[in-house]
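No value in this document is a laboratory result; all are computed from the given coordinates. Everything numeric in this text was worked out from a predicted model, so none of it was measured. Here Cβ is always computed from backbone atoms with ideal geometry, including for glycine, and neighbour counts include all displayed protein chains.
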Amino acid sequence: MIRACGRALACALLVLTSPAVAATPAASKPATPFDVALRNWVRANAAMTARAYAHAAGEAERLRTAIAAFLGAPSEATLAGARVAWMASRASYEPTEVFRFSDGPIDGATALAGREGPENRINAWPMDEAYLDSVANSPRGGLIPNLSIPMDRSLLGRAHGASDDTQVTLGFHAIEFLLWGQDRDTVTAGQRPATDYLPGDAVRERRRLCLGMMIDSLVADLAAVAREWRPDRYGTRFTTLPRREALRRALSGAATLSGFELASERISVPLATHSQEDEQSCFSDNTVRDLSSNVEGLALVLEGDGESTGLLKLFGTLDPKLAEDLRERLDQVRQRMLEVPAPYDAIILSAPDDPRRRRLEALAGELIGLSGALQRAGTRAGVTVRVGGGG
């Protein structure tokens, strides 16, 4: 998510915005190969996005099944199964983040007729875990141990971000915390025991209820986004947009994910703060996999998914040299990603001259370079690519 730009390091990356002016070819001119390819790409991109969200929604359903099995018979084995299912669900969701920041159903108002999109309910972070449950040095703190407040869906909804962005009670990371607990070191992930979910005790019953409601909410939110991308809903509206406007949205989403959200928020900020609290999946030590799955999303929009072609083929009809530059930059991002070792928190807390830190910095640099190339592609096509959540 994009947090308030109080940090100079994060905000400095907003200078990546391209100054190009949107343009549409005159109707009297014959269609160029790029115009024909662009028409085909708009339809193919909508179908590809629908498939990606449908996959994420399906994996969330499988996570719900695994959590139900765990709550039905709490044990270390069923807890491990729920954790594996959480990681699989994350791996299916993270590639879809390339479709954010582009006025689509996940983020918001334009697509949903004034209603806020469910992204914050799905993926809010960082998280103040003490707000939700007991933690080290605060055994009675949090909403779950507070028996004076009824534990129901209304509470989770009202409490989510009630007065601060870190007050997270919904989404992947709230579920992650309930499954893993606090991560107390840089060697292992959180070590919450399955006994925290044995029935009978009042606090444990509230924790069981809370986890069940959280996964129901996540499934519903992802299903709602997947539904919006069907041909009879926003999917059709996307294909009827002016074609260069559809292209602008796709390029802006990919450039923002690459240059701002990944390079700044998820890499540069935690490196600068040396804080595990700024690591995205800090309870499960899944952050390196998260980043890798985000890179898969960038590859998805550039290369396509096997059924639909991506932006590389589209721009190949306009400027083969530019398309080759995009391909090479994507390859560099992939290579740098392979060089980043887990766990992520060990890199964050490492010394300034640690080679792992330099590898992560190199990845951030390549992501910024790819973002810039996406903006240049927009300029070449006659559209304005905005970076930093500006749509």
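Nearest 20 debye, what's the magnitude of the dipole of the range 161-249 about its Cα centre given +1 on Lys and Arg Cβ and -1 on Asp and Glu Cβ?
Its charge dipole is roughly 600 debye.
Whole-Hz ³J(HN,Hα) for each residue in the range 250-265, computed from phi via Karplus 6.51 cos²θ - 1.76 cosθ + 1.60 with θ = phi - 60°, x for glycine and proline: what do you get?
Karplus values, whole Hz, x for Gly and Pro: 5, 5, 5, x, 5, 5, 5, 4, 5, x, 9, 5, 7, 4, 8, 4.
List every residue whose amide H lies under 5 Å from the amide H of residue 304, counting only residues 5 or more places away in sequence or on a different chain, with H placed 1.01 Å from N in the peptide plane.
Sorted by chain and number, the residues that satisfy this are 310, 311.
How far is it, in nm, from the label point at residue 380 to the one at residue 362 when both lie 7 Å from their Cα along the line to the Cβ?
Taking the two extended label points, one gets 2.7 nm.
With an 8 Å cut-off on Cα pairs and a minimum separation of 6 or more residues, tell me the relative contact order of the range 8-381 in percent.
In percent, rounded to a whole number, it is 24.
Compute the helix-to-body angle for 76-93: its Cα long axis versus the longest principal axis of the chain, expressed 0 to 90° and rounded to tens.
20
Calculated FRET efficiency, residue 191 and residue 68, Cβ-Cβ r, R0 22 Å, to nearest 0.05?
0.45
So how do 66-74, 367-375 stack up, highest first, on mean other-Cβ count within 10 Å?
My ranking of the peptides, most packed first, is 367-375, 66-74.
Need one number for the chain: average projected area of the convex hull over its C-alpha atoms, nm².
19.5
Report, in degrees rounded to the nearest 10, the 0 to 90 angle that the Cα long axis of helix 320-338 makes with the longest principal axis of the chain.
With both axes taken from Cα atoms, the answer is about 20 degrees.
Charges only on Cβ, +1 for Lys and Arg, -1 for Asp and Glu: so what's the dipole of the range 8-381 about the Cα centre, in debye to the nearest 20?
With Lys and Arg at +1 and Asp and Glu at -1, about 1200 debye.
Given H placed 1.01 Å from N in the peptide plane, which residues other than close sequence neighbours of residue 384 have an amide H under 5 Å from its amide H?
For residue 384, whose amide H was placed from the backbone, the distant partners under 5 Å are 22.
Which angle between 0 and 90 degrees, to the nearest 10, do you get for helix 202-228 versus the longest principal axis of the chain when only C-alpha atoms count?
Tilt of helix 202-228: around 10 degrees.
Set Lys and Arg Cβ to +1 and Asp and Glu Cβ to -1, take the dipole of the chain about its Cα centre, and tell me which of 268, 60, 41 lies farthest positive.
The listed residue farthest towards the positive side: 41.
Figure the gain on full extension for residue 75 and residue 158 (residue separation times 0.36 nm, minus the Cα-Cα span) and round it to one decimal in nm.
Additional length available on full extension: 26.7 nm.
Non-local amide H neighbours of residue 141 (under 5 Å, H modeled in plane, Pro and chain starts lacking H): which ones?
The answer is 135.
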